[in-house]
Amino acid sequence: MQDKDITQKVLEKYNDVFADILNVLLFDGRNVVDESTLTDALPMSMLKIDGRVRSQERDIAKYWRKSKINVALFGLENQTVANKLMPLRVFGYDGTEYVKQSRKENSGKSKYPVITLVLYLGYEKRWNYPKTLFEVLDIDEDIKPYVNDFKINLFEIAYMDREKIDLFKSDFRILADYLYQMRINRDYIADETDIAHVEELLTLMSAMTGDNRFEETINDLKGKENINMCEVLDRVEARGIEKGIEKGIEKGIEQGRIEGRLEGRQEGTINTLISLVNDGILSVYEAASRADVSVEDFEKYIKKN
């Protein structure tokens, strides 16, 4: 699980990918957020709980700026598995950022909204856990009118419409397409979309699928231009065949060793039985039975010796 979390962050940290995610999920594919207007924000923040200082860390956080003024802070949270406490987590991330803006040293600065997107990357089943604070809290009806609700901006990538997925222009489209196809068909057929961030995407695909061959093809593709997933899958398949042949050869060698050892043991057993027959201790019939061969074959062994 940790490998998936890390590789998702590595791909999404690129401004072209981050902007693409925002533009498709929030603005129906319109180029509202340009990648050049995004700057990295510190994903880690500190907060005091029960007298102890603790840290909390977002997956990815970026400021959207125009004329050096923060217009908004956008955060991405990736979830491969649904989390029933996600509203509390996101509320904590957003609240900490607002507290930061309220500090004395920031009193003269423009205040900006904080928007967190939760990207659910599971495809086996839907997100079936709370999406609002009210769904998490046990609230007495008498005080409910005075409790402010909070909802998370949840996007179930594998369950989006095909038309929505096709709006992505960055490498995130390949991941979204993979999740969609795995949900629908339990199989993935690649297209010829070029990959911009080859190493990051293939490392992510390796973590998502559990197939290390994606990561193993990275060195094969270094220096090449216009790489797409069709070529990647061809190489992945070729590596699978190569490994299969190697395993087959290894298995054949090992099988030969086993058979050789068995033949050696059988020969030693037969020689011992022949000696017992020659000494008159066993009959030919008894010796053949113990060697698990016919009397005729055992008599041939006697003649050879």
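The values are calculated or read from the model by the stated rules, or taken from the named source; none is laboratory data. Predicted model, so just to flag it, every value in this text is computed and none were measured. Neighbour counts run over all protein chains shown; Cβ positions are idealised from the backbone, glycine included. These accessible areas exclude ligands, DNA and RNA; they are computed on the full protein's heavy atoms, side chains included. Shrake-Rupley method; radii C 1.70, N 1.55, O 1.52, S 1.80 Å.
Beyond 19 Å in Cα-Cα separation lie the following of the pairs Lys100/Lys144; Lys62/Lys100; Lys66/Lys109: Lys100/Lys144. Accessible area per residue was computed with a 1.4 Å probe on protein heavy atoms; Asp161 scores about 110 Å². Given a 1.4 Å probe and the protein chains as shown, Arg65 ends up with an accessible area of around 90 Å². Simple spin-label estimate for Ile189 and Arg103 gives 5.5 nm between the two label positions (7 Å along the Cα-to-Cβ direction from each Cα).
For region 61-133, the list of GluC sites (Glu not before Pro) that fall in a loop by DSSP and count at most 14 other C-beta atoms within 10 angstrom reads Glu124. For Phe298, neighbours were defined as the other residues whose beta-carbon sits under 12 Å from its Cβ, and their charges (Lys and Arg +1, Asp and Glu -1) total -1. Spatial offset of region 181-237 relative to region 80-136 amounts to 32 Å, using the alpha carbon center of each. The order of Asp220, Asp28, Asp171 by accessible area, most exposed first and with a 1.4 Å probe, is Asp28, Asp220, Asp171.
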